[in-house]
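Engineer: First the structure, then my questions, so here it is.
Since every read-out is calculated from the coordinates, none of them should be taken as a lab result. It should be emphasised that the depicted structure is a prediction, and the values quoted were computed from it without experimental measurement. Using ideal geometry, Cβ is built from the backbone for each residue, glycine included, and neighbour counts are taken over all protein chains shown.
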Amino acid sequence: MYFVSVPIKNLARRPTRTMLTGLGVAVAVASLIMLVGLARGLEDAWSQSLMDRGVHILVSQKGAVEVLAGVVDEAMAPRLALTPGVAKAAGELVALTALSNGATILASGWEPGSYLWDSLNLVEGRLPADDREVVLGESLAASTGSKPGDTLEVMGQNFKVAGISRNQSALSQGTVFTPLRPLQQLVGKKGMVTFINLQLPAGTDQERVAALTEQLSAAYPSLKLLPTNEVTRQNRILGIFRSMAWGTSLLAIIISTVFVLNTMVMSVSERTKEIGILTAVGWSPTRIIAMVLLEGILLCLGGGLVGVALGVAGLDVLTSYSELKTFIQPRLTGGFLLMAAVSAVLLGALGSLYPASRAVRLRAAQALKRE
Amino acid sequence: MKAAPQQAFPGSSALLELTAVSRHFSDGLVRAVDGVDLEIESGSWVTITGPSGSGKSTLLSLISGLDLPTSGEVRFRGRSMNSLREWTRVRQACIGLVFQAFHLVPTLTAAENVELPMFGNGFKQALRRQLAHQLLDRVGMSHVAQRSPGELSGGELQRVAIARALVNSPHLILADEPTGNLDSRNSEQIIGLLKELYFEQDCTVVMVTHDPVISRWGDHRVCMRDGKMSAQIHCSLDDPCTL
């Protein structure tokens, strides 16, 4: 018999209790993976959409609560483009809108001839030839059943689908790309854009990007300039979403720890006499504590692994078959999944510490008298 | 006749020495053991007798370090034993315990129960298993090695418990009413087995018993009454104790 056999047999003694506690841990780990995975997915979709367009610096309104809530004069784009070190500048108007089928989508308005149109990877059709034509992200085209030549109603106005684009970002996949003017009219922001995308010459390093950001921030104090890699980190809405995801997950883990603590306290109390036997045959307090800790850790490791599987599957289902598909690009790294499994192990150790210390507190002579 | 015991420490053959040992409960209202002085020589067979509630089992708990005295001193091989942790080490290395209620772990098989005392002495798993099976074979229980305690009879349980007590080749075997839950036939067999092992293993046996027949056997008999030692009779194995 190996040492680990003892806690395994203890867990097998009460299979229903073990399974229910393991399930509690699994739900906590799955919620951690799903909620944090969603938050990260949203951030990834946002930053990937910027990367798709080759944006290095995002220029938005200073003081706006959120990038998407601000407005910038579209005339700023050509001025910024003249700055040494800036290769291209293009204004972009972004609006959230609902389609006639109820699905929420993003509408992005771009100036005709803007370099942003070049970032679209057309798989069908062509770029818009006039203000009445749009390009659809591939997911959006699939969900609306649209193909080039069809008509799509956006904010009460009909547009002709000129082409369909396949981009890496989930956000771009669910976006309708329109010419700037009609979108400005539809949202009542004539002459305004949500932000300006700055592209720097190819091969520009992060140090140069940061230096130019600083330089432009000083030159245009009414504007907020952020390097692309900072955009998601400094976005307040994403920050709130991220904090809520971690907060909710932490709560689930705390509740789960209490489950484990309760189970282990019961388990140890039921086995007071057996712990007395182990002491009587010469097991040291350290060995007994190790046995109880190992029992809790094994319980939570099992639950944690099930939770990882549930979380990955749940996130996949959530982002494949719901509206979230338009905005979220689920990305679960091995490191994050490992962290989730390790958190389950720590949860097991934490929930077993007190029962383990209780297990060795009683003298063997008293423990052996317990029924 | 048993060979002369090895000396426990230079200049003395005492394995255990109890000096004015008391164990009180409920703030001194219950004096389970009260001022007992006792010396147990290495290689001896000692029986502790007395009526129920006289303090025999409590005394055995103090001798085995399952409990600590309220006052007084217990010395094992000349060393004063003051902590439960120290007793645990001594029990693991030198003491085998046999209980009236057998005290086997119900989730483990007979062989696994016998393996339990070997955790901590550095034996590999294969060696632990081999030794457990050897000991079960020695007590005639090799056929129940893979059975759980719930599937064994009282006599079988006690034999497995004896195998467990012997697995680390202890210098001292402490038995608390080992036949208390057995019928007369099984009782005789268990005592017979303990006697065989006593002669084979060159160890010391301290046994608590109610049974007047069993208590006559041995070379040192201690009688307890109301927590005190009421009589201490020295005899020889050739000339058993009689009161």
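Engineer: Using a 7 Å offset from the Cα along the Cα-to-Cβ direction at both A:Met244 and A:Asn101, what is the distance between the two label points in nm, to one decimal?
Structural biologist: 2.6 nm
Engineer: Can you give the net charge of the other residues whose Cβ lies under 10 Å from the Cβ of A:Ala64, counting K and R as +1 and D and E as -1?
Structural biologist: +2
Engineer: Enter the Cα centre distance for the pair region B:48-91 and region A:218-274, rounded to the nearest angstrom.
Structural biologist: Between the Cα centre of region B:48-91 and that of region A:218-274, the gap is 52 Å.
Engineer: Roughly what % antiparallel, to the nearest 5, for the DSSP beta bridges in the protein assembly as shown?
Structural biologist: Of all bridge pairs located within the protein assembly as shown, approximately 65 percent are antiparallel.
Engineer: With the dipole of region A:57-203 worked out from charges on the C-beta (+1 for Lys and Arg, -1 for Asp and Glu) around the Cα centre, which of A:Asn121, A:Ala98, A:Pro78 lies farthest toward the positive end?
Structural biologist: Ranked along the dipole, the leading option is A:Pro78.
Engineer: What is the distance in Å between the Cα centroid of region A:76-150 and that of region A:178-202?
Structural biologist: 10 Å
Engineer: Calculate how steeply helix A:334-359 sits against the longest principal axis of the alpha-carbon atoms of chain A, using the helix alpha-carbon long axis, and give the answer as 0 to 90 degrees to the nearest 10.
Structural biologist: 30 degrees
Engineer: Using a 10 Å cut-off around each Cβ of peptide A:284-291, what is the average number of partner chain Cβ atoms that fall inside?
Structural biologist: 2
Engineer: Kindly identify region A:57-203 as rounded, prolate or oblate by the Cα gyration tensor criterion: order the square roots of the eigenvalues as a ≥ b ≥ c, call it rounded if a/c is under 1.5, otherwise compare a/b with b/c, prolate if a/b is larger, else oblate.
Structural biologist: Prolate.
Engineer: Net charge near B:Asp226: determine it from the other residues with C-beta under 10 Å of the C-beta of B:Asp226, scoring Lys and Arg +1 and Asp and Glu -1.
Structural biologist: Result for the local shell: +2.
Engineer: Charges at C-beta only: +1 for Lys and Arg, -1 for Asp and Glu. How large is the resulting dipole of region B:57-211 about its Cα centre, in Debye rounded to 20?
Structural biologist: For region B:57-211, the charge dipole is close to 620 debye.
Engineer: Which percent, to the nearest 5, of DSSP beta bridges fully inside region A:57-203 are antiparallel?
Structural biologist: Within region A:57-203, antiparallel bridges account for around 70 percent of the total.
Engineer: Let me ask another. Taking the alpha-carbon centroid of each part, what is the distance from region B:121-144 to region B:188-219 in angstrom?
Structural biologist: Taking the Cα centre of each part, region B:121-144 and region B:188-219 sit 23 Å apart.
Engineer: Using just the helices of the protein assembly as shown, give the 222 nm mean residue ellipticity in deg cm²/dmol: DSSP H runs with n ≥ 4 each add -39,500 (n - 2.57), and the total is spread over all residues, rounded to 500.
Structural biologist: Roughly -14500 deg cm²/dmol at 222 nm, from the helical runs in the protein assembly as shown.
Engineer: What does the average come to when, for each residue of peptide B:50-62, you count the partner chain Cβ atoms lying within 10 Å of its Cβ?
Structural biologist: Whole-number average of other-chain Cβ neighbours for B:50-62 is 1.
Engineer: What's the average, rounded to a whole number, of partner chain beta-carbon atoms within 10 Å of each residue's beta-carbon in B:103-109?
Structural biologist: For peptide B:103-109, the averaged partner shielding equals 6.
Engineer: So, one more: Taking +1 at the Cβ of each Lys and Arg and -1 at the Cβ of each Asp and Glu, which of A:Ser267, A:Ala245, A:Ser284 sits farthest along the dipole of region A:237-371 towards its positive end, judged by Cα position relative to the Cα centre?
Structural biologist: Going by the charge dipole, the pick is A:Ser284.
Engineer: What size of dipole, in debye to the nearest 20, comes out for chain A about its Cα centre when the only charges are +1 on Lys and Arg C-beta atoms and -1 on Asp and Glu C-beta atoms?
Structural biologist: That gives chain A a dipole magnitude of about 1900 debye.
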